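Take a look at the structure set out below.
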Amino acid sequence: MTDRKNIYFFYKESTSIHKNLDNLINRITENGFNVVNDAQDANIIASIGGDGDFLQCVRRTRFRDDCLYAGISNTNQLSFYCDFYLDNVEKMIEAIVENQMKVRRYPVIEVTINDGPSYECINEFSIQSAIVKTFILDVYINNLHLETFRGDGLIISTPTGSTAYNKSVHGAVVDPKLTCMQITELGSLNNNQYRTLGSPFIVSEDKTLTLKVAKEGNEHPIMAIDNEALSVRQVEKIQIKLTGKKIKTIKLKDNTFWHKVKRTFL
Ligand code: NAD
C-alpha cells in the first residue's frame, strides 16, 4: 500500500464535496502521495460517492487489476463498496500511515453477446423481457442443457453482487472469497408444461453459462451490466463466465464483508 503513491479521484462534479475533497488532497499530498489527473497514471483509484458511483468508477477506468480501488462515501453512511468517509479525512490518513489496510479481491464476470463484444461487471448481469410475454431462454452450463427458462428474466451475480439485486429476489448472500457466479430467476413459470430448477444456483469458476434466446419476438431484451444498460439488438446467444481477473479494493482491517452484511441488513 505505502509503495503505491499515485492516486486518482473519480467523482461527479458537485460543489458539496469540494471542501472535503480539497482537505483530503492537501492531507494526502502532505503524506507523500501524488494526485494524478489521468486514471492511467494511477496505482490507487478512489471513487467518491455511493456504491453506484464505485461501480461506474471501476467501469470508466476499465476494470484494472493492476491497481487498488477505494470507495469513499460522501454521506454519513458507509456502503458495500465504500469503506471510508469523505468527512473523516484524518481516519483515512491514520489508516494509511499506520498500515491498517487490507486488500480485498473481487471476482469479475464477463458477458459476451452473440460471439461479439464482451462486457465486464462486478455486481451482476441481468436480462429481462422487453415485451409483455414470457421470455424463453435455454440455459446451458458448459455444454449441458440444464433447463428451458420461461418467465421474466435472470440475474447472474458475483459474490459481491449477491447483496445487491440478487438479494432482492431471494438469492443467497455469498462470501466474496468464493470465486463463483449465482443464477437467480425473475418470475419463472413452473407448471406441468414448463419447469425450471426454481431455486437460485451457484456455479464454480470453471463453468461457462450460455443463454440462448428463443426467437419469439423477444430478441431485444433489457440487459444490464451493474448499473449500465446494454443496448444490443438481435440477441441470440449470451455467454457468461468469470474472467479470472480480480478487482483489488482497500478495506479497513476490522471491516469484513460479513461486518458489512450485519451493518446493512441486520
Ligand atoms: P446506487 O448507489 O443508487 O445503488 C442502489 C442501491 O443498491 C444502494 O442502496 C446501494 O448501496 C445498493 N448496492 C449497490 N451495489 C450493492 C452491493 N454490491 N451490495 C449491496 N448493496 C448494493 O446505484 P445504482 O447505480 O442504482 O446501483 C446499481 C445496482 O442496483 C445494480 O448493480 C443492482 O445490483 C441494483 N439493483 C437492484 C434492484 C433491486 O433490488 N430490485 C433493481 C435494479 C438494480
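Here is a check on your reading of the model: is Tyr81 of a type in the set (Phe, Trp, Tyr), in contact with a Gly (Cβ under 6 Å, 6 or more places away or on another chain) and closer than 18 Å to Thr264 by Cα? Answer is yes for this residue.
The rows are residues; the columns are (1) at pLDDT below 95; (2) surrounded by 14 or more Cβ atoms within 10 Å (Cβ to Cβ); (3) of a type in the set (Ser, Thr, Tyr).
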residue: Met181; (1), (2), (3): no, yes, no
residue: Ile202; (1), (2), (3): no, yes, no
residue: Asp206; (1), (2), (3): no, no, no
residue: Glu216; (1), (2), (3): yes, no, no
residue: Glu219; (1), (2), (3): yes, yes, no
residue: Val235; (1), (2), (3): yes, yes, no
residue: Lys246; (1), (2), (3): no, yes, no
residue: Leu252; (1), (2), (3): yes, yes, no
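If I filter region 111-133 down to residues being within 13 Å of the ligand (Cβ to nearest atom) and in a loop (DSSP other than H, G, I, E, B), which single residue comes out as farthest from Thr243 (Cα to Cα)? Among them, the one singled out is Asn123. As for region 70-78, it holds no residue that is under 15 Å from the mean Cα position of the chain (by Cα) and either free of Cβ contacts under 8 Å to residues at least 40 places away in the same chain or over 25 Å from Thr264 (Cβ atoms) (or both). Of Lys102, Lys5, all but one fail to be free of Cβ contacts under 8 Å to residues at least 60 places away in the same chain, touching a strand residue (DSSP E or B) at 6+ places or on another chain (Cβ under 7 Å), charged (D, E, K, R) and farther than 28 Å from Ile183 by Cα; the exception is Lys5.
Looking across region 97-110, the residues that are out of contact with any helix residue (DSSP H, G or I) (no Cβ under 8 Å at 6 or more places or on another chain) and outside any strand (DSSP E or B) come down to Val97, Glu98, Asn99. If you filter region 147-175 down to residues that are under 21 Å from Thr112 (Cβ atoms) and hydrophobic (A, V, I, L, M, F, W, C), you find that the one that is farthest from the ligand (Cβ to nearest atom) is Phe149.
Each row is one residue, and each column tells you yes or no for (1) in a loop (DSSP other than H, G, I, E, B); (2) free of Cβ contacts under 8 Å to residues at least 24 places away in the same chain; (3) in the same structural domain as Asp152 (by TED's automatic domain parsing).
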position	(1), (2), (3)
Ser188	yes, no, yes
Leu209	no, no, yes
Ala224	no, no, yes
Ala229	no, yes, yes
Ile240	no, no, yes
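In region 48-60, the qualifying residues are those that are under 13 Å from Tyr81 (Cα atoms) and within 11 Å of the ligand (Cβ to nearest atom), and the one that is farthest from the chain's Cα centre (by Cα) is Gly49. For Asp254, the criteria (1) closer than 30 Å to Tyr85 by Cβ; (2) under 20 Å from the mean Cα position of the chain (by Cα) hold in every case but one, which is (2).
Scanning region 61-83 for residues that are surrounded by fewer than 17 Cβ atoms within 10 Å (Cβ to Cβ) and away from the ligand (no atom under 16 Å from the Cβ), we see that the one that is nearest to Glu13 (Cα to Cα) is Arg62. When Ser168, Ser157, Ser162, Ser188 are screened for being in contact with a helix residue (DSSP H, G or I) (Cβ under 8 Å, 6 or more places away or on another chain) and at pLDDT 95 or above, only Ser157 passes. Taken together, Phe149, Phe135 contain a single residue that is surrounded by 15 or more Cβ atoms within 10 Å (Cβ to Cβ), in contact with an Asp or Glu (Cβ under 9 Å, 6 or more places away or on another chain) and modelled with pLDDT under 95, which is Phe135.
The values are calculated or read from the model by the stated rules, or taken from the named source; none is laboratory data. Remember, it's a predicted structure, so these values are computed and weren't measured experimentally. Using ideal geometry, Cβ is built from the backbone for each residue, glycine included, and neighbour counts are taken over all protein chains shown.
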